[in-house]
Structure formats: structure tokens, C-alpha cells
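The values are calculated or read from the model by the stated rules, or taken from the named source; none is laboratory data. Note that the structure is a prediction, hence the values are computed from the model and not measured. So basically every Cβ, Gly included, is an ideal-geometry build from the backbone, and we count neighbours across all protein chains shown. Just the protein is used for accessible areas: all its heavy atoms, side chains included, with ligands, DNA and RNA removed. Shrake-Rupley method; radii C 1.70, N 1.55, O 1.52, S 1.80 Å.
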Amino acid sequence: LVQNPGKVPVTVFTPQPGGGTSQPLTFTIVAGPSPIPQITSLSPSGVFTGNGQFTLTVTGTNFSSSSLVRWNGSDRTTTFLSATQMTAQILAADIANAGTFEVTVAQPGTRGAVSTAVSFTVTAPNVVTITTTSLPPSMAGNNYYFVLAATGGVPPLTWSISTGALPQGLTLDRSTGSISGTASG
């Protein structure tokens, strides 16, 4: 009897003799809180600072066409895909600085529910720095082997020669950073 919101007149009836029906009073049925949305995953789950605007895919349960994705409590442009998936536009300004940010899904309205927050990590890029400062000399006709060293970056690194060339007979292994071969005169 009270599944749908609305106003219902309520009366009292007393049988005869002397009875009858009372004047109606209005009983108001209000909508209960929306089912609480739950987030099970974010894709991507993190990015590097400065990557620019991107689309975040939010997967979970109890999403509706009126659900909104919130980034640290601020609504983002949200596209409802299904009761278990939505996307949201995350702004470049949202990921300008490194840190951990809260993503929630809200059911709008005064009685709306908000999911538990899921953390999204924005990381400063790890810059690659070549730590090898000089190469040992190569002698014509002798075998040569040397491994370049670097710090930072996200493995696997890819090595290349940006300007100039190695002496004839030597090669650079792009995946290990090793220089090897026999230098010719």
C-alpha cells in the first residue's frame, strides 16, 4: 500500500447506528532513499599529472540514469551506460597536481545516497635520467662491451641514439642499453 510516493486520503468508518465515515485526512507517502550505489572499480585507476582531460569508467552497482560521478565531492559530466557502468569526464585541472583523490557516485536529491569513496591516484611522472657520464674508449679490432645506466622512468626503458652515431662495428641494444661489438679502425 505504501510502495509508491503520493498522497492518500485516510478515513475512519464506524458502523451504524450512529456511525459513519469521518472527514478524510491526507497521508503522505514519500520515496525512501535511493539504493546506495557501490563502486567496484575505476578505469584507469590512476594517471600521471599533466595528462590532460580523460574519460573515467566507473563500474559498480545500483547506478541510475540520474546518478552522478563526483571527483573529490564535485560533480563531473556523467554518462549513464547501465546499472553497473558509467563514464565521467575528468578535467585536466583535476589531475594537474599529484595526490590521491576520492571518486564517489551520488544519487541526486535530498534523500539521495552516496557511495563509499574509492581512491584515484595522480602521480608525478618519474623522469628518466641517464647516470652514465662517459664511455670507456674503444680500440680498433678489440671487443667492446659497456652497459649504460639510468634512474627513473617506468620499465622497460627503450634506449636510442638521439644525435650522432656509434663508431663503426658497435651497436646499441635498445632493450638493455648495452653497447657491444668490435670497433673497426
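Observations
- Dipole of the chain, positive direction: furthest Cα of VAL154, ALA93, ILE39, with charges on the beta-carbon: ILE39
- Rounded percent of accessible protein surface that carbon and sulfur make up, segment 137-185, 1.4 Å probe: 55
- A simple packing score, the average count of other Cβ atoms within 10 Å per residue, orders the peptides 133-146, 87-100 as 87-100, 133-146, with the highest score first.
- Listed residues THR79, THR26, ASN143: farthest to the positive end of the dipole of the chain (Cβ charges): THR26
- Averaged over its residues, segment 1-88 has an accessible area of 65 Å² per residue, based on protein heavy atoms and a 1.4 Å probe.
- Average accessible area per residue (Å²) across segment 119-185 - probe 1.4 Å, nucleic acids and ligands excluded: 68
- Under the convention that each Lys and Arg Cβ holds +1 and each Asp and Glu Cβ holds -1, the size of the dipole of the chain around its Cα centre is about 360 debye.
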